[in-house]
Amino acid sequence: MSSFFTDLALQYIDGEWRPGKGSWDIIDFNPYNGEKLASITVATTGEVDQAYRAAERAQAEWAETNAYARRAVMEKALRVVEEREAEITEAIVAELGGTHVKAGFELHLAKEFLRESVQLALRPAGQILPSPVEGKENRLYRVPVGVIGVISPFNFPFLLSLKSVAPALALGNAVVLKPHQNTPVCGGTLLAKVFEEAGLPAGLLNVVVTDIAEIGDALLEHPVPQLISFTGSDKVGRHVATVCAAQLKRTVLELGGNSALIVLDDADLDYAVDAAVFSRYVHQGQVCMAANRILVDRAVEKEFTEKFVAKVASLRVGDPADPATHIGPLINSSQADAVSRIVERTVEEGATALLHGRTDGNLVSPSVLTGIPAGSPVLHEEIFGPVALLVPFDGEDEAVRIANDTPYGLSGAVHTGSVERGVRVGQRIHTGMIHINDGTVHDEPIVPFGGEKSSGLGRLNGEATIEAFTTQKWISVQHGRSQFPF
């Protein structure tokens, strides 16, 4: 077992590794076999304050540090991840129940985002703008926001913490990171270790492992952070947005999804099946971009369904440490129970289970449901588990109507033999992202990532990250004397 779970089961505040001062412990379990990985005493509101104050002290000097020096830290962090890749993979498998395929996917993207952060350090540019006032020079500077609070989820914790933390630091900010309590190491203290080894000055990245039961809204309400970057459920995201709005804090919210993968009548069905199976079942379906709903034109429904069910039935469920495993455990028993209840409820409503997955501990085998009643809640909610909904349609207009009939708008895909037809359909889907002849699960470092409706606010990646994690400052210079009316 990776030494991470013994060495990093601490808080990381102002460059120091120390136990929390709370009265209870977060127990970090392996979701597959129930093995206790670590026990971490929670941070208190006092320690949240210490973390934010340390970040505030360190940030002013960091913002003045030459951008090339900040870039050098990002380069070293990338090398650390590359050198420790085998250990990090082992940790992802153990703490998340992630398969080797999933761990490879997450680490590949994490390295890509670190490479982008290397470039981001040098990207912000100022402007000189004209003025109607004679002799006036308008300088527009892009400066760091200051201190950023980052709250990350359990499904891709290393990547989704890193894609906020690394750019924020590269752009001259300081960060206080709170990982999900189910993934405190991969989503939190592991990042602290990476940046410590990369030479990041003390205080710029602080990690507090805690829970709302201990600190309430202290992470959001504290006066130091000017921006909260949150990734998680829309329910919690709404609360974050409400609290931050009352404090006049900026937010970036990456929330849930209920993506549709649309198979038109001229699609390559074998390819569409491959894309749909991956888009629904990667990481046990615990992905915000996952294709909850597979919409299939009735003209090809029978053939597609047969091939889809056959492929899903062939997926191997079991120990994520086995490289042959496709589907490992859900993150905890409450998630497994919730997914099982959704399947049972939908079948009771009249749906047909072409595959009816069984639950064994946190392992949930794949389900494929069809014949779902039009008013079923399952069509409108996010299913964070290995359950696919097959929904037939007649023609593009009905496909668009069904795809848009959800409060979410994150991702999606359209499969067709005509690229431009796919683009036309994609333009009618109310999502932040949609992919033609591909899966629904994608993230690229320079392409804006984010959703519409209940799937979030704001965008990250590339120029969108610069916009999110910096602010603009106008400094005017009057050459000569201004004329005042009195």
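The values are calculated or read from the model by the stated rules, or taken from the named source; none is laboratory data. It should be emphasised that the depicted structure is a prediction, and the values quoted were computed from it without experimental measurement. A quick note on method: Cβ atoms are made from the backbone with ideal geometry, for glycine too, and the neighbour counts reach across all protein chains shown.
I'd like the full set of residues that are surrounded by fewer than 24 Cβ atoms within 10 Å (Cβ to Cβ) and hydrophobic (A, V, I, L, M, F, W, C), limited to segment 193-216.
Step one: of segment 193-216, the residues surrounded by fewer than 24 Cβ atoms within 10 Å (Cβ to Cβ) are 193, 196-203, 211-216.
Of everything in segment 193-216, those that are surrounded by fewer than 24 Cβ atoms within 10 Å (Cβ to Cβ) and hydrophobic (A, V, I, L, M, F, W, C) turn out to be 198, 200, 202, 212, 213, 215.
Restrict the check to segment 167-176 and report whether at least one residue is surrounded by fewer than 24 Cβ atoms within 10 Å (Cβ to Cβ) and either under 16 Å from residue 460 (Cβ atoms) or of a type in the set (D, E, K, R) (or both). Reasoning before the result, please.
Taking segment 167-176 and keeping what is surrounded by fewer than 24 Cβ atoms within 10 Å (Cβ to Cβ), we get none.
For segment 167-176, residues surrounded by fewer than 24 Cβ atoms within 10 Å (Cβ to Cβ) and either under 16 Å from residue 460 (Cβ atoms) or of a type in the set (D, E, K, R) (or both): absent.
Residue check, residue 386 against (1) free of Cβ contacts under 8 Å to residues at least 40 places away in the same chain; (2) of a type outside the set (Asp, Glu); (3) touching a Pro at 6+ places or on another chain (Cβ under 8 Å), all met but one. Which one?
Every listed condition holds for residue 386 apart from (1).
For segment 46-55, indicate whether the set of residues that are buried (at least 20 other Cβ atoms within 10 Å of the Cβ), within 26 Å of the chain's Cα centre (by Cα) and farther than 30 Å from residue 116 by Cβ is non-empty.
Looking through segment 46-55, at least one residue is buried (at least 20 other Cβ atoms within 10 Å of the Cβ), within 26 Å of the chain's Cα centre (by Cα) and farther than 30 Å from residue 116 by Cβ.
Restricting the search to segment 34-60, which residues are over 28 Å from residue 146 (Cα atoms) and either in contact with a strand residue (DSSP E or B) (Cβ under 6 Å, 6 or more places away or on another chain) or without any contact (Cβ under 8 Å) to a residue 60 or more places away in the chain (or both)?
35, 36, 37, 38, 39, 40, 41 - these are the residues of segment 34-60 that are over 28 Å from residue 146 (Cα atoms) and either in contact with a strand residue (DSSP E or B) (Cβ under 6 Å, 6 or more places away or on another chain) or without any contact (Cβ under 8 Å) to a residue 60 or more places away in the chain (or both).
Across segment 195-232, what is the number of residues that are under 23 Å from residue 455 (Cα atoms) and either basic (Lys, Arg) or without any contact (Cβ under 8 Å) to a residue 24 or more places away in the chain (or both)?
1
All but one of (1) without any contact (Cβ under 8 Å) to a residue 24 or more places away in the chain; (2) buried (at least 19 other Cβ atoms within 10 Å of the Cβ) hold for residue 367, so report the exception by its number.
Just one mismatch for residue 367, condition (1).
Does residue 105 qualify as being of a type in the set (A, V, I, L, M, F, W, C), within 21 Å of the chain's Cα centre (by Cα) and surrounded by 24 or more Cβ atoms within 10 Å (Cβ to Cβ)?
For residue 105, the condition - of a type in the set (A, V, I, L, M, F, W, C), within 21 Å of the chain's Cα centre (by Cα) and surrounded by 24 or more Cβ atoms within 10 Å (Cβ to Cβ) - is not met.
Of all residues being part of a loop (DSSP other than H, G, I, E, B) and surrounded by fewer than 17 Cβ atoms within 10 Å (Cβ to Cβ) in segment 108-133, which is farthest from the chain's Cα centre (by Cα)? Just the residue, please.
133
Look at residue 274 and say whether it is within 24 Å of the chain's Cα centre (by Cα), modelled with pLDDT of 95 or more and surrounded by fewer than 18 Cβ atoms within 10 Å (Cβ to Cβ).
Answer is yes for this residue.
For residue 74, are the conditions met, namely being modelled with pLDDT under 95 and either more than 23 Å from the chain's Cα centre (by Cα) or buried (at least 18 other Cβ atoms within 10 Å of the Cβ) (or both)?
For residue 74, the condition - modelled with pLDDT under 95 and either more than 23 Å from the chain's Cα centre (by Cα) or buried (at least 18 other Cβ atoms within 10 Å of the Cβ) (or both) - is not met.
So which residues in segment 78-95 are hydrophobic (A, V, I, L, M, F, W, C) and either assigned by TED's automatic domain parsing to the domain that holds residue 287 or touching a His at 6+ places or on another chain (Cβ under 8 Å) (or both)?
Of everything in segment 78-95, just one residue is hydrophobic (A, V, I, L, M, F, W, C) and either assigned by TED's automatic domain parsing to the domain that holds residue 287 or touching a His at 6+ places or on another chain (Cβ under 8 Å) (or both), namely 93.
Of the conditions (1) of a type in the set (Ser, Thr, Tyr); (2) closer than 18 Å to residue 261 by Cα; (3) surrounded by fewer than 22 Cβ atoms within 10 Å (Cβ to Cβ), residue 340 fails just one. Which one is it?
Unmet for residue 340, out of (1) of a type in the set (Ser, Thr, Tyr); (2) closer than 18 Å to residue 261 by Cα; (3) surrounded by fewer than 22 Cβ atoms within 10 Å (Cβ to Cβ): (2).
Looking at 328, 318, 285 in this structure, which one is modelled with pLDDT of 95 or more and surrounded by fewer than 18 Cβ atoms within 10 Å (Cβ to Cβ)?
Just one listed residue meets the conditions, 318.
Quickly run through segment 374-396 and pick out the residues that are under 17 Å from residue 301 (Cα atoms) and surrounded by fewer than 19 Cβ atoms within 10 Å (Cβ to Cβ).
Quick first cut of segment 374-396, residues under 17 Å from residue 301 (Cα atoms) only: 388-396.
If the condition is that a residue be under 17 Å from residue 301 (Cα atoms) and surrounded by fewer than 19 Cβ atoms within 10 Å (Cβ to Cβ), then 394, 395, 396 are the ones that fit.
Here are some conditions: (1) buried (at least 18 other Cβ atoms within 10 Å of the Cβ); (2) within 16 Å of residue 261 (Cβ to Cβ); (3) not charged (D, E, K, R). Residue 423 meets all but one. Which one does it not meet?
Tallying (1) buried (at least 18 other Cβ atoms within 10 Å of the Cβ); (2) within 16 Å of residue 261 (Cβ to Cβ); (3) not charged (D, E, K, R), residue 423 fails exactly one: (1).
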